[in-house]
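S.K.: The following block contains the structure, expressed as structure tokens.
The values are calculated or read from the model by the stated rules, or taken from the named source; none is laboratory data. Please read these numbers as outputs of a predicted model, since none were measured by experiment. With ideal geometry, Cβ positions are generated from the backbone for all residues, glycine too; neighbour counts draw on all protein chains shown.
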2 protein chains.
Amino acid sequence: MADSPDFERTMSPLELYEKLTAQGDQVRALKTVKSDKAEIDAAIQLLLKMKLEYKQVTGQDYKAGSPPSENSAPFNGATADGSNDEDTVDPWNVSTTNAKGVDYDKLIVRFGSSKIDQQLVDRIEKVSGQKPHRFLRRGIFFSHRDMHQVLDAYEKQKSFYLYTGRGPSSEAMHVGHLIPFIFTKWLQDVFDIPLVIQLTDDEKYLWKDLTIEECHRFAVENAKDIIACGFDVNKTFIFSDLDYMGASPEFYRNVVKIEKHVTFNQVKGIFGFTDSDCIGKISFPAIQAAPSFSNSFPQIFGSRKDIQCLIPCAIDQDPYFRMTRDVAPRIGYPKPALLHSTFFPALQGAQTKMSASDANSSIFLTDTPKQIKTKVNKHAFSGGKDTVEEHRKHGGNPDVDVSFMYLTFFLEDDEQLEKIRQDYASGALLTGELKKMLIDTLQPMIAQHQERRKQVTDETVKQFMTPRPLNFKH
Amino acid sequence: MADSPDFERTMSPLELYEKLTAQGDQVRALKTVKSDKAEIDAAIQLLLKMKLEYKQVTGQDYKAGSPPSENSAPFNGATADGSNDEDTVDPWNVSTTNAKGVDYDKLIVRFGSSKIDQQLVDRIEKVSGQKPHRFLRRGIFFSHRDMHQVLDAYEKQKSFYLYTGRGPSSEAMHVGHLIPFIFTKWLQDVFDIPLVIQLTDDEKYLWKDLTIEECHRFAVENAKDIIACGFDVNKTFIFSDLDYMGASPEFYRNVVKIEKHVTFNQVKGIFGFTDSDCIGKISFPAIQAAPSFSNSFPQIFGSRKDIQCLIPCAIDQDPYFRMTRDVAPRIGYPKPALLHSTFFPALQGAQTKMSASDANSSIFLTDTPKQIKTKVNKHAFSGGKDTVEEHRKHGGNPDVDVSFMYLTFFLEDDEQLEKIRQDYASGALLTGELKKMLIDTLQPMIAQHQERRKQVTDETVKQFMTPRPLNFKH
């Protein structure tokens, strides 16, 4: 709730719920010790008054053991004031009608997270002693929850760990899938901390028309691409849910704890599940939540449950972690902190998230230099004008130009990027020239990735995916 | 469906669903190979007609991937003809207003199971070569599903395995809890087959106000009482869900498979879950279903998924296995067969199931000879008359007399039992004398159990609860 100070003026539904529960305990305690009748009556009167207030605030009857969710507002399509919003952002759908992409400032308000402002970027630089990653400098990681708290603790020698993940729905990963991993590797390097990576092969089995065996195979194949991002094997544990759930009683215990504290009403509100959804989907959010708690990994953290977790992920995964943050204090665990990224645009434009099933919607990690060249030239949506003459005269629009957007993700040099932006906007740089710059950036980057992936043996994968101790300074 | 021949005259919702799905595949196949338009149109017409029929039969729209449940009738309170029924029987509630207890013949009709008739008892005797257990001779195990199929296969040297369980909600077990275990041990002995026993400590955590640690401790304590029933360690695997889920990827894979094939609508209909229930409860039925499939235990059965499972349990557990039998063919597994027992009556009378939290509602496995004597004399509901004179004149009613009911469970000698029944009904046997007979039966039985339980060391428990190969003849 620290993220949304506006809501603190009145008591939140959860606070009300907790006070109500405490008052119920109080009444029972008074009855047990056979207190004075007047005293018991007064306590009951207060309890009834609180129940009435709870009903007014939440619209629901108080029920012991069924707390309200962190966000009582429905997840999609409506802001806090009830107005409609054009953008759809949830773990399964991202769409907008705006060519520049989703309106991220609005999303911050809707989700109740905080903007990563210059002050926070500066602070990360100060605490880590490293130049901020280009994803931070350029607002690609744009939103957070509790990052200041993580840095406060880190300054006092209290360490934390990283958690990110991927849903392995196919063998094919594209450059967009690398964004959280590239950034997470940077965080791992500059803060020198352990990292757990969840491959939700069980989720993909539940949601897609795939067999368990296929999903598990995709998990292992995707692990190779993830390892090729350069993670340190001594600080990184990659796991398939289908494997790890059956290999860690502690992990399962946390899943059950979370499952006990989330109702169907809550997941319905957060994820839009319906009565026709299978019970596997309905309980899955607990499995994505569990790695946020350090005692899910006793091989790394022992029985410690107080180690703060930081989750870098795309903003569409936030619903899972809003739910997680809601549950955490009720089961005695710290809330995970978050860093949210924007979406990587499809070659066809920023209106939609890319699709792994459309080979022309992005640059895949298996593409040849020739395929990259053809795709960029043929499919990358251009912000340029129709003719060279018009372009020279009026300039192009880098804000909707996909080649320029991709360079924002992958070109390291800030000055060079700014010069490209200005030249394109002025008309000095033509679309073909801009596309060539992107091709020249992507070709070696993908070739190097392929080279590193080739080095990843089955033995290496097994090493990363074996539950084991990691380097962790307490 | 073999159990309910009446329903086979018209197509069942599930059969309709399967035909519909096949027809949908057919339409797609015709489109893919670009068949003649008239042919495609005809197939589509048929598909639409079937969808209409499906809607008429089930009251729901056909939805790919969401089959109807085995029993579309609501679980409680209503029979197939829509009339109300006095008895409530589900995994959490059993109640009746009849002093003789639940009407089991009605239950067989409502649940769509089959009666264990003399013919089946004779057949079990013939196939096993052993005198049928008193629970079979006396209709205590009174209902079944597919038991003839199990015996058919067994006669052709196709073996099967047993699965039963217990929800460890406290340390205290009473004699009623032993019924399924006493009978299961007999089945294990006469058929010489492996047995798995599930302790649903996760379920108890989800349903009760207990910690995970308490539930797990109860599971281990209960295992000692179960082991004391005399199970063969070479043929018996006892497991806590909290342990085994985190120790067997194969078990979890089956849980996820089941979870994918059951909707919230279905568990709502079967178990009466509501939107306010936690997501752990909603998905739990998949965990109780999973041990019905042999490849959940690779250490015992390897990768074989075709070994038939037979589940002896109290009838209130049937909803779980109706759901399991519904799912089984859709994930390529055989349906488990079942043997259902009646309920063990509370000392206060057969109207309710016993409560482990009321020490006077039953004989506990920890009771001293004196406690047994006091409880029977003081609390066992009597079918006798108010005065000795009246009793001698009119006789007692053994059908509602709890002492007589208990003797039906525990006195081995059929002739002696029948004589007691006649003498009590005629008035020759007084209530005090009947109670003494029960006390004389229970005291040595409980003392022997306590003696055997004392022999059960932590090492023995560990042995039973370690996943390992069992003696199993294929």
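S.K.: If you scan the stretch A:219-253, which residues turn out to be assigned to a helix (DSSP H, G or I) and at the interface with chain B (Cβ under 10 Å from one of its Cβ atoms)?
M.R.: A:241, A:242, A:243, A:244, A:245, A:246, A:247, A:249, A:250, A:251, A:252, A:253
Yes or no, residue by residue, for (1) assigned to a strand (DSSP E or B); (2) assigned by the TED database to the domain that holds residue A:192; (3) crowded, with 22+ Cβ neighbours inside 10 Å:
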residue	(1), (2), (3)
A:284	no, yes, yes
A:287	no, yes, yes
A:303	no, yes, no
A:310	yes, yes, yes
A:319	no, yes, yes
A:328	no, yes, no
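S.K.: Regarding the stretch B:173-181, can at least one residue be identified that is surrounded by fewer than 19 Cβ atoms within 10 Å (Cβ to Cβ), more than 10 Å from chain A (Cβ to nearest Cβ) and in contact (Cβ under 8 Å) with a residue 24 or more places away in the chain?
M.R.: No, the conditions are met nowhere in the stretch B:173-181.
S.K.: Moving on to the next point. Could you run through the stretch A:362-396 and say how many residues are assigned to a loop (DSSP other than H, G, I, E, B) and either more than 15 Å from residue A:438 (Cα to Cα) or touching an Asp or Glu at 6+ places or on another chain (Cβ under 9 Å) (or both)?
M.R.: 12
S.K.: Mind listing just one residue for me: the one in the stretch A:266-316 that is closer than 17 Å to residue A:197 by Cα and among the small types (Gly, Ala, Ser) and, of those, nearest to the other protein chains (Cβ to nearest Cβ)?
M.R.: Residue satisfying both the conditions and the ranking: A:286.
S.K.: Can you confirm whether the stretch B:137-148 contains a residue that is more than 28 Å from residue B:109 (Cα to Cα) and either in contact with a Lys or Arg (Cβ under 6 Å, 6 or more places away or on another chain) or assigned to a loop (DSSP other than H, G, I, E, B) (or both)?
M.R.: Looking for residues that are more than 28 Å from residue B:109 (Cα to Cα) and either in contact with a Lys or Arg (Cβ under 6 Å, 6 or more places away or on another chain) or assigned to a loop (DSSP other than H, G, I, E, B) (or both), one finds none in the stretch B:137-148, hence no.
Residue-wise test of (1) modelled with pLDDT of 95 or more; (2) more than 29 Å from the chain's Cα centre (by Cα); (3) surrounded by fewer than 19 Cβ atoms within 10 Å (Cβ to Cβ).
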{"position": "B:418", "(1), (2), (3)": "yes, no, yes"}
{"position": "B:428", "(1), (2), (3)": "yes, yes, yes"}
{"position": "B:433", "(1), (2), (3)": "yes, yes, yes"}
{"position": "B:449", "(1), (2), (3)": "yes, no, no"}
{"position": "B:452", "(1), (2), (3)": "yes, no, yes"}
{"position": "B:461", "(1), (2), (3)": "yes, no, yes"}
{"position": "B:472", "(1), (2), (3)": "no, no, no"}
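S.K.: Conditions: (1) closer than 17 Å to residue A:462 by Cβ; (2) surrounded by 24 or more Cβ atoms within 10 Å (Cβ to Cβ); (3) at the interface with another protein chain (Cβ under 7 Å from one of its Cβ atoms). Residue A:256 meets all but one. Number of the miss?
M.R.: Result: residue A:256 passes all but (1).
S.K.: For the stretch A:188-205, which residues satisfy the criterion of being assigned to a loop (DSSP other than H, G, I, E, B) and either within 14 Å of another protein chain (Cβ to nearest Cβ) or buried (at least 23 other Cβ atoms within 10 Å of the Cβ) (or both)?
M.R.: A:194, A:200
S.K.: On to the next question. Can you find a residue in the stretch B:353-361 that is surrounded by 16 or more Cβ atoms within 10 Å (Cβ to Cβ), modelled with pLDDT under 95, within 20 Å of the chain's Cα centre (by Cα) and part of a strand (DSSP E or B)?
M.R.: Yes, some residue in the stretch B:353-361 is surrounded by 16 or more Cβ atoms within 10 Å (Cβ to Cβ), modelled with pLDDT under 95, within 20 Å of the chain's Cα centre (by Cα) and part of a strand (DSSP E or B).
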